[in-house]
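Quick one: this structure, given as structure tokens, is what I'll be asking you about.
The values are calculated or read from the model by the stated rules, or taken from the named source; none is laboratory data. Model, not experiment: these values are computed from the prediction. Methodologically, a virtual Cβ is constructed for each residue, glycine included, from the backbone with ideal geometry; neighbour enumeration extends over all protein chains shown. Side chains included, ligands, DNA and RNA excluded: accessible areas come from the protein's heavy atoms. Shrake-Rupley method; radii C 1.70, N 1.55, O 1.52, S 1.80 Å.
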Amino acid sequence: MGFEEVNARVLAATEAAGRKKGAVQLIAVSKVQPNERVAAVLEKGHRVFGENRVQEASEKWPDFKSRFSGVELHLIGPLQSNKVRQAMELFDVIQTVDRPKLAKAIARLAGELGHCPRLFVQVNTGEEPQKAGILPPDADAFIAQCRDMGLTVEGLMCIPPAGTDPKPHFSMLSEIANRNGIEGLSMGMSGDFEVAIASGATHVRVGSAIFGDRDYG
Ligand SMILES: *Cc1c(COP(=O)(O)O)cnc(C)c1O
């Protein structure tokens, strides 16, 4: 598809859903992609990117950030407790807050560093054992706990189980957000971002449709 086409489709889906222009933020997921492909999208003027590993992001983004102003970097992969400081120094948004221990570490370091990234809570809507995210029945209590620690929960994030209809998962995420007074909804990837936008996504995370397949070899 490429960046222009994905961008155009995001705009068209936003309009088709009767939502305001700019209601949906496209996050270009650059994990594993060669630097030239990432630089090409930066050169087109796009500034919002997602990475799923702290280590990989810290190897490539300081340089991009010094070359291109206004970069906004989202962490969309699981965050280990021993990498929280590094993540808070590099990322503008952490989308994968999913357990009390992690929330506590973020709250403590926010005090120490004097700043806190924007935060999303990841919900494991499919209750998959191998997947990160708070379980749906525990989500309300966890969100309340984050707020008690002084953290602002800007949004919720989910990754529906592969090979299933994502719609019920998007609806579930939206319901949890609504009843907790949360506006941000990070949902939808290359295969289903238009469905996600119709279901109310405010952030879609698109990798391979923008950059091409990831080469893990
Ligand atoms: C890799 C990744 C994406 C992007 O996946 P594509 O199918 O390449 O668009 C989105 N969200 C998360 C959490 C990811 O890890």
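Determine the shape class of the range 1-125: with a ≥ b ≥ c the square roots of the Cα gyration tensor eigenvalues, call it rounded for a/c under 1.5, and otherwise prolate if a/b is greater than b/c, oblate otherwise.
It is oblate, given that a/c is not under 1.5 and a/b is not larger than b/c.
Also, I was wondering about something else. Could you check what % of the DSSP bridge pairs in the chain are antiparallel, to the nearest 5?
If we restrict to bridges inside the chain, about 0 percent are antiparallel.
Can you count the Lys pairs in the range 3-210 whose Cα atoms are under 22 Å apart, with each pair 8 or more apart or on different chains?
Lysine pairs meeting the criterion: 17.
In addition: For LYS167 and GLU36 in the same chain, what is the full-extension length gain: residue separation times 0.36 nm, less their Cα-Cα distance, in nm?
43.7 nm
Express the accessible area of the range 51-188 per residue in Å², computed with a 1.4 Å probe while the remaining protein chains stay in the model.
46 Å²
When the Cα centres of the range 131-191 and the range 1-57 are compared, how far apart do they sit, in Å?
21 Å
If you take the beta carbon distance between GLN55 and LYS101 as r and set R0 to 22 Å, what does 1/(1 + (r/R0)^6) give as a FRET efficiency, to the nearest 0.05?
For R0 = 22 Å, the calculated efficiency reads 0.65.
Scan the range 156-194 for GluC sites (Glu not before Pro) in coil per DSSP, keeping those whose Cβ has at most 12 other Cβ atoms within 10 Å, and list them by number.
Sparse-neighbourhood loop GluC sites (Glu not before Pro): GLU183.
Provide Rg and Dmax in Å for the chain, with only Cα atoms included in the calculation.
Considering the chain through its Cα atoms, Rg and Dmax are 16.5, 45 Å.
With the chain treated as a Gaussian network of Cα nodes joined by springs under 10 Å, which of GLY111, GLY163, GLY200 yields the largest mean-square fluctuation?
GLY163
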